[in-house]
Amino acid sequence: MGVNVISKYSSADKSELDSSILTTDTNLKNTFYSCLELIEESAPEFMLDIKCHTNTIVPIKNPSVKAFSIDALIGAIYVTPEEDIIDTIDLVVHENGHNKLDKLNEIYPLLKPDEKLYPSPWRKDLRPMEGIIHGAYVHLRLNYLLSSIQERYPEYENRISGRIKYYKNQVISAIETIEKHADLTSYGKEFIHSLRIWSDKGP
């Protein structure tokens, strides 16, 4: 629906994004333009990820749900555009990360069948192990992006530094739960080992 448009984002003509951002509201579109521009300027590899794994951004307005994506509609993300550009970037990259991991998991399953539920750093209720792996992955990626933005644009530091520490603690807790309880495939073991290394070395 918009994959070709996203892939051409680096061009100066922002109208190319129109069919990827499903709204006629110019202000909403500009919010997402600014968000994608800051991502590309700070960490081009994350913009490449968006080009590869998200073809449609659907603005939503729901006080109880800020953003979501659906397994059956991989490639679409539903995002509430926030006043703070960092919040919007957080939501977009978070949901794109889910899309990417869903695609990976289709080709290289990470988990053996498991119906048990486990403690999650992101929810009060117990969650399936797949959700905890997703949480660790998307928040670890976010920390790398946020760190890049903070390094390039120090004026965002007071809006980012606390978030990085908060996510870091959540990721560490999630990886510990995964390493202790997850029934991983051989692919899953390699994946979680890489997450552990990435977490230990990163912000």
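The values are calculated or read from the model by the stated rules, or taken from the named source; none is laboratory data. Nothing here was measured: the structure is a model prediction, and the numbers come from that model. Counting neighbours? That spans all protein chains shown, and the Cβs are built from the backbone with ideal geometry, glycine included.
If I filter region 135-172 down to residues being in contact with a helix residue (DSSP H, G or I) (Cβ under 9 Å, 6 or more places away or on another chain) and among the small types (G, A, S), which single residue comes out as surrounded by the fewest Cβ atoms within 10 Å (Cβ to Cβ)?
S161
Is it the case that P81 is touching a residue at least 40 places away in the same chain (Cβ under 8 Å) and not in a helix (DSSP H, G or I)?
yes
Just to be sure, is N30 at pLDDT below 80 and surrounded by fewer than 18 Cβ atoms within 10 Å (Cβ to Cβ)?
Spelling it out, it is not the case that N30 is at pLDDT below 80 and surrounded by fewer than 18 Cβ atoms within 10 Å (Cβ to Cβ).
Test each condition in (1) under 14 Å from N96 (Cα atoms); (2) surrounded by fewer than 16 Cβ atoms within 10 Å (Cβ to Cβ) for Y78 and report the one that comes out false.
(2)
Looking at the structure I just gave you, is I57 touching a helix residue (DSSP H, G or I) at 6+ places or on another chain (Cβ under 8 Å) and surrounded by fewer than 22 Cβ atoms within 10 Å (Cβ to Cβ)?
no
Is it true that E115 is part of a helix (DSSP H, G or I) and either among the charged types (D, E, K, R) or touching a residue at least 60 places away in the same chain (Cβ under 8 Å) (or both)?
Considered against the rule, which asks whether it is part of a helix (DSSP H, G or I) and either among the charged types (D, E, K, R) or touching a residue at least 60 places away in the same chain (Cβ under 8 Å) (or both), E115 comes out as no.
Go through region 131-150 residue by residue and tally those that are under 17 Å from S194 (Cβ atoms) and of a type outside the set (A, V, I, L, M, F, W, C).
Going through region 131-150 one residue at a time, the tally reaches 7.
Go through (1) modelled with pLDDT of 95 or more; (2) over 30 Å from E37 (Cβ atoms) for H139 and report which single condition fails.
Condition not satisfied by H139: (2).
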